[in-house]
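> Pasting a structure here, questions to come.
The values are calculated or read from the model by the stated rules, or taken from the named source; none is laboratory data. None of these values were measured; they are calculated from a predicted model. All Cβ positions, even for glycine, are placed from backbone atoms using ideal geometry, and neighbour counts span all protein chains on display.
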Amino acid sequence: MKAFLVIVVIYLVICVYIYVNQRAFIYFPQPGVLFTGETSLEIRSGEITLRGWVLNEGCDEAVIYFGGNAERPEVSIPDFRHTFDNQTVYLINYRGYGESDGSPTEEGLCADALAIYDFVSQNHLEVSVIGRSLGTGVATYLASARDINRLVLVEPFDSMVSVARAAYPFFPVRILLKDRYDSGGRAGRITARTLIIIAGRDEIIPGWSTERLISEFDQNILDVVIIEHATHNDIQNYPQYYMVLGEFITGMVKEE
């Protein structure tokens, strides 16, 4: 009995530790930025200032990009500029990432997404949204709350809860988890034409999680593309990736 009580106490201590420190396991912000020479931009979201870049200013159509966890969006500036040369592209760091203020939470990132959209939509006739990995949770929220033109989800998951439960099956993550990113629960409210891009060898997002998300969408508005040999972190290195993005958002395939 004494050994059992010790095990229970240890288990509860671990649960408390996970609960208190969970965002350190979810978010991996990259501080600072790399020099790009591109036009920098600041957007206010409540008391927070978000910082990033704007490419190809002055176009009627816009693209907002929500990047992956630990991603530096400025690294992709040349590819986005080339792929979307007829769209103005907004690459804004999440709160707590790059030089943006604050600390990341689901509530904060979703509020920031609305602030970014409301800023961008004032100056453009149409706004499309791309989200990658963590950014798919933010992009799906925005697409369920605002009128967007097209939505692209790269390496998406159905919810943070289901992914965390698979990774930590012995802990009550449904009770412990604060940031849930329930994209599956929001998919039914999305009316924008949507493209899901899957890395064929994704070692981070389980395939069943993406399939669950796919099943929640209206299939009449959904396209799915698999980049067969891509892994979670190198999908951007495959020419097909930007070709598919360009074809879906702009209606044409860019010449390499």
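> Taking helices (runs of 4 or more DSSP H) that do not extend beyond the stretch 169-256, which have at least 1 residues that are closer than 30 Å to Gln22 by Cβ, at pLDDT 95 or above and of a type in the set (A, V, I, L, M, F, W, C)?
Fully inside the stretch 169-256 and qualifying: 183-187, 207-216.
> Also, I was wondering about something else. So if I check each of Leu109, Leu91, Leu114, which one is under 16 Å from the mean Cα position of the chain (by Cα), among the hydrophobic types (A, V, I, L, M, F, W, C) and within 13 Å of Arg146 (Cβ to Cβ)?
Every option except Leu114 fails the conditions.
> Let me ask you something else. Just checking, how many residues over the stretch 108-139 are touching a Cys at 6+ places or on another chain (Cβ under 8 Å) and hydrophobic (A, V, I, L, M, F, W, C)?
So the answer is 1.
> Given the conditions (1) in contact (Cβ under 8 Å) with a residue 60 or more places away in the chain; (2) in a loop (DSSP other than H, G, I, E, B); (3) of a type outside the set (Ser, Thr, Tyr), which single one is not true for Arg23?
The single condition Arg23 does not satisfy is (2).
> Among the numbered conditions (1) in a strand (DSSP E or B); (2) out of contact with any helix residue (DSSP H, G or I) (no Cβ under 7 Å at 6 or more places or on another chain), tell me where Ala3 comes up short.
(1)
Table: residues versus (1) farther than 21 Å from Tyr94 by Cα; (2) over 12 Å from the mean Cα position of the chain (by Cα); (3) surrounded by 16 or more Cβ atoms within 10 Å (Cβ to Cβ); (4) among the basic types (Lys, Arg).
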| position | (1), (2), (3), (4) |
| --- | --- |
| Arg146 | no, yes, no, yes |
| Glu155 | no, no, yes, no |
| Val163 | yes, yes, yes, no |
| Ala166 | yes, yes, no, no |
| Phe170 | yes, yes, no, no |
| Leu176 | yes, yes, yes, no |
| Asp179 | no, yes, yes, no |
| Gly184 | yes, yes, yes, no |
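> What number of residues in the stretch 187-215 are surrounded by 16 or more Cβ atoms within 10 Å (Cβ to Cβ), within 10 Å of Asp158 (Cβ to Cβ) and not hydroxyl-bearing (Ser, Thr, Tyr)?
6
> Also: Out of the residues in the stretch 1-51 meeting the condition of being touching a Lys or Arg at 6+ places or on another chain (Cβ under 6 Å) and at pLDDT 90 or above, tell me which one is nearest to Phe119 (Cα to Cα).
Only one residue tops the list, namely Glu42.
> Ok, one more. So is Phe157 of a type outside the set (A, V, I, L, M) and modelled with pLDDT under 95 or not?
No; evaluated as a whole, the condition is false for this residue.
> When you go through Leu34, Leu55 one by one, which is the residue that is among the hydrophobic types (A, V, I, L, M, F, W, C) and over 24 Å from Asn123 (Cβ atoms)? I'd like the intermediate steps shown before the answer.
On the way: Leu55 fails: over 24 Å from Asn123 (Cβ atoms).
Just a single option satisfies the conditions, and that option is Leu34.
> On the basis of being in contact with a His (Cβ under 8 Å, 6 or more places away or on another chain) and not hydroxyl-bearing (Ser, Thr, Tyr), does Ala62 make the cut?
So Ala62 fits the description; yes.
> I'm trying to understand the selection: among the residues of the stretch 69-82, which are in contact (Cβ under 8 Å) with a residue 60 or more places away in the chain and surrounded by fewer than 21 Cβ atoms within 10 Å (Cβ to Cβ)?
Narrowing the stretch 69-82 to residues in contact (Cβ under 8 Å) with a residue 60 or more places away in the chain: 69, 71, 76, 79, 82.
Residues satisfying the conditions are Asn69, Ser76, Asp79, His82.
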